[in-house]
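What follows is a short report on a single structure.
Bear in mind that the values in this text are calculations on the coordinates, not laboratory data. Since the structure is predicted, the reported quantities are computational estimates derived from the model, not experimental observations. Ideal geometry is used to build each Cβ from the backbone, glycine not excepted, and the neighbour counts take in all protein chains shown.
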Amino acid sequence: MLSDSDVERALVVTAHPDDVDFGSAGTIASWTHGGTSVSYCIVTDGDAGGFDRSVPRSEIPRIRQAEQRAAAAVVGVSDVRFLGYPDGRVEASYRLRRDIAREIRRARPQRMIIQSPERNLARIAAGHPDHRAVGEATLNAIYPDARNPFAHPELLQEEGLESWSVPEVWISGGPRLNHYVDITDTFEQKVTALRAHASQTGHMTDLEDLLRNWLTPNAKAAGLPAGRLAEAYQVVEIPT
């Protein structure tokens, strides 16, 4: 596995605004503190999300984009791009693979965080169809699309984006966990980032307790001392 000090650039690809913060905000804060430049690619605008029915649905994309940018700033990320796919209707299509490959070639990351293409029956909520579709499309964009100079030729011919090989992928939440990041010192940033998603978390009076209940078992599985908190991943090395 790459040392954090060897990772100059990282890219996170998720389906919805707030996915990155629920899964990885603490990890990302630790990376940016260490000098890694992190970019986000959000596939949808989260237009099917929210709990306040008084807000016009036409306003939701603008609101959620603004919330994600504010949350990103909390953890030191300023490069946030939205692909504008419809929330709840994402498919692992050729077009989506191309659009993610474009972001990979643009950001040229040594490490990526993605969502799992597999459904975990023990955590149904994490297996949203959009999450799995984005996970599958992103893996296909990483290997073979982004690294293949002959795939999506318009990216090179029309946009000047050279091929790029991503050596390491972190799948947020598994499915087969093999790496944990102690985020105890960045937990407050994670909470603040999630609070920035007011349209999604504004009604959650127990957010901090909920997060601790998720993160404490991860820390225990990692063998960390009592009271520590951790985010969990399956780290995959991509063949050269």
Against the condition part of a helix (DSSP H, G or I) and under 28 Å from residue 99 (Cα atoms), how does residue 193 come out, does it pass?
yes
For residue 220, work out the one condition from (1) part of a helix (DSSP H, G or I); (2) touching a strand residue (DSSP E or B) at 6+ places or on another chain (Cβ under 9 Å); (3) closer than 29 Å to residue 46 by Cβ it doesn't fulfil.
(3)
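Conditions (1) among the acidic types (Asp, Glu); (2) under 18 Å from residue 236 (Cα atoms), marked per residue:
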residue: 19; (1), (2): yes, no
residue: 23; (1), (2): no, yes
residue: 33; (1), (2): no, no
residue: 40; (1), (2): no, no
Which condition number does residue 208 fail, the rest of (1) in contact (Cβ under 8 Å) with a residue 60 or more places away in the chain; (2) not in a strand (DSSP E or B) being met?
(1)
Those residues that are under 18 Å from residue 230 (Cα atoms), of a type in the set (A, V, I, L, M) and surrounded by fewer than 19 Cβ atoms within 10 Å (Cβ to Cβ), I need them from the range 156-190; list them, please.
177
Please verify whether the range 93-107 includes one or more residues that are of a type in the set (Lys, Arg), over 14 Å from residue 11 (Cβ atoms) and assigned to a loop (DSSP other than H, G, I, E, B).
no
Under the condition of being in a helix (DSSP H, G or I) and among the aromatic types (Phe, Trp, Tyr), which residue from the range 17-59 is nearest to residue 207 (Cα to Cα)?
22
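Residue by residue, here is whether (1) among the small types (Gly, Ala, Ser); (2) in contact (Cβ under 8 Å) with a residue 12 or more places away in the chain; (3) surrounded by fewer than 22 Cβ atoms within 10 Å (Cβ to Cβ); (4) within 27 Å of residue 4 (Cα to Cα) holds:
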| residue | (1), (2), (3), (4) |
| --- | --- |
| 26 | yes, yes, no, yes |
| 36 | no, yes, yes, yes |
| 48 | yes, yes, yes, no |
| 60 | no, yes, yes, no |
| 80 | no, yes, yes, yes |
| 87 | no, yes, yes, no |
